[in-house]
Amino acid sequence: MKPFALLAALALLSTGALAADEETYHYGQTLDIAKVISMTNPTGCQVGEAVMVYEDSQGQVHRLVYERIGDDCRN
């Protein structure tokens, strides 16, 4: 494999681009999270979409979308 192709493949893996179908979290849903790969949180002080890419105990990669308040919200 050429070095550029290898780097591109590693970049895709690190961002979770190869994650399975996107799931939307529902309150009370049971999750099997063995390792968090990445998290993206909304900005500002409004409720927005956050994304977590994680690996379950079977080694499968998942992309979970949920809502939360932004990181920049201060009292």
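The values are calculated or read from the model by the stated rules, or taken from the named source; none is laboratory data. If you're wondering where the values come from, they're calculated on a predicted model, not measured in any experiment. Ideal geometry is used to build each Cβ from the backbone, glycine not excepted, and the neighbour counts take in all protein chains shown. We work out accessible area using only protein heavy atoms, side chains counted, and drop any ligands, DNA or RNA first. Shrake-Rupley method; radii C 1.70, N 1.55, O 1.52, S 1.80 Å.
Scanning the stretch 54-67 for residues that are out of contact with any Asp or Glu (no Cβ under 7 Å at 6 or more places or on another chain), under 16 Å from Asp21 (Cβ atoms) and open to solvent by less than 70 Å² (accessible area, probe 1.4 Å) returns Tyr54, Glu55, Tyr66. A count restricted to the stretch 27-53 and to residues that are of a type outside the set (S, T, N, Q), in a strand (DSSP E or B) and open to solvent by 50 Å² or more (accessible area, probe 1.4 Å) stands at 6.
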